[in-house]
Amino acid sequence: MSFIPGTRRPAPPSRGPKPPGSAVPARPGSEAQPGGAPQPASGTPRVIGVPLGAIIPRKLIDEATLVVRDAPRSPLAERYRSLVQRLIAEHATGRQAQQVITVTSAAPNEGKTTTVMNLGLALAERKDHSTLLIDADLRRPSVSKYVTPAPKVGLSDVLQGEARVEHALIELQDAKLTMLPAGSLVLNPQELLRSQFVKALFADLRRQFDYILIDTPPVVPFTDASVLGTLSDGIVLVVRAGKTPRPLVERAIDAVSSGRMLGVVLNAVQITPVDRYYYKYDEYNPDRYTIRDEE
């Protein structure tokens with residue numbers, strides 16, 4: 001895996017002042033009241049009662065691709081950590097904050113969800129920081145496949161007013177990581193993601209978590225990543241080495257030009273014998289495994 005920093009950096013969208021208070025965002029169709037956050041629309045959510053996301057014991061399944069957890073000292077796990085460090089470096093220094101990062105791909109089967117899962121696990125290793133991973137791929141959700149028992153409620157249910165966000169968030173027992181699953185399948189994901197409620201929801205989540213990763217559908221042919229990219233602080237594009245045609249990559253970069261392109265993750269890059277050599281004989285030096293820039 002290699003990381004190619006973005007060469008085009010459109011001005012990031014203005015985040016503006018955070019809404020005062022900690023009111024729960026309104027459901028779609030609600031009206032904003034003067035001088036405050038949106039107020040809930042009338043009606044009762046389908047999911048009510050005590051939020052169970054932090055009570056039901058959930059953990060990640062045994063999955064070889066989760067290298068940050070299962071092979072924490074491997075060269076690939078170190079590359080994910082190095083990538084995380086580069087993505088949040090500006091946030092840590094107080095310059096251009098990158099608190100919310102959208103991860104997408106040019107096409108299906110590029111390793112996008114595997115990448116976002118390992119980035120989430122690497123972020124979760126940081127002490128005194130909270131990390132949220134959102135599965136916003138409402139067309140073909142994959143994040144929930146890594147969790148057992150499988151969650152039933154998620155983002156789509158929140159956006160449709162069927163549940164409040166506190167009922168959809170889940171805590172993992174084996175990682176300091178919070179997830180917002182995709183939820184029930186819907187026929188109109190783009191319409192849901194374009195609603196004003198999404199902006200209020202993300203503003204609320206920004207107040208709750210230090211870092212947020214968003215897994216989205218492939219940018220070609222869908223526009224979901226472009227929509228969510230305008231609500232995040234940057235976009236990372238995942239492409240598969242030897243598979244994704246260059247014209248498709250260029251088309252994908254153009255499709256998310258409304259957001260701030262942080263760079264491209266070149267996935268499925270073979271680890272060289274030199275990498276293995278230094279991993280074996282130089283484990284004490286974590287700087288050995290930095291992400292190599294590609295010209």
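The values are calculated or read from the model by the stated rules, or taken from the named source; none is laboratory data. Treat the numbers as computed from the prediction; the structure is a model and nothing was measured. All Cβ positions, even for glycine, are placed from backbone atoms using ideal geometry, and neighbour counts span all protein chains on display.
List of remarks:
- Residues that are out of contact with any strand residue (DSSP E or B) (no Cβ under 9 Å at 6 or more places or on another chain) and farther than 22 Å from R140 by Cα were ranked within the stretch 91-121; the one that is modelled with the highest pLDDT is A97.
- Of all positions in the stretch 117-136, at least one carries a residue that is assigned to a loop (DSSP other than H, G, I, E, B) and buried (at least 20 other Cβ atoms within 10 Å of the Cβ).
- Subset tally (residues that are of a type in the set (A, V, I, L, M), assigned to a loop (DSSP other than H, G, I, E, B) and at pLDDT 60 or above) for the stretch 246-295: 4
- Inter-residue pairs, beta-carbon under 7 Å, first under 20 Å from S142 (Cβ atoms) and in the stretch 163-192, second exposed (fewer than 15 other Cβ atoms within 10 Å of the Cβ) and not basic (K, R), 6+ apart: E171/A54
- Under the condition of being part of a strand (DSSP E or B) and either of a type in the set (S, T, N, Q) or surrounded by fewer than 17 Cβ atoms within 10 Å (Cβ to Cβ) (or both), the residues counted in the stretch 151-210 number 2.
- Where V238 falls short, out of the listed (1) free of Cβ contacts under 8 Å to residues at least 12 places away in the same chain; (2) aliphatic (A, V, I, L, M); (3) under 27 Å from A64 (Cβ atoms): (1)
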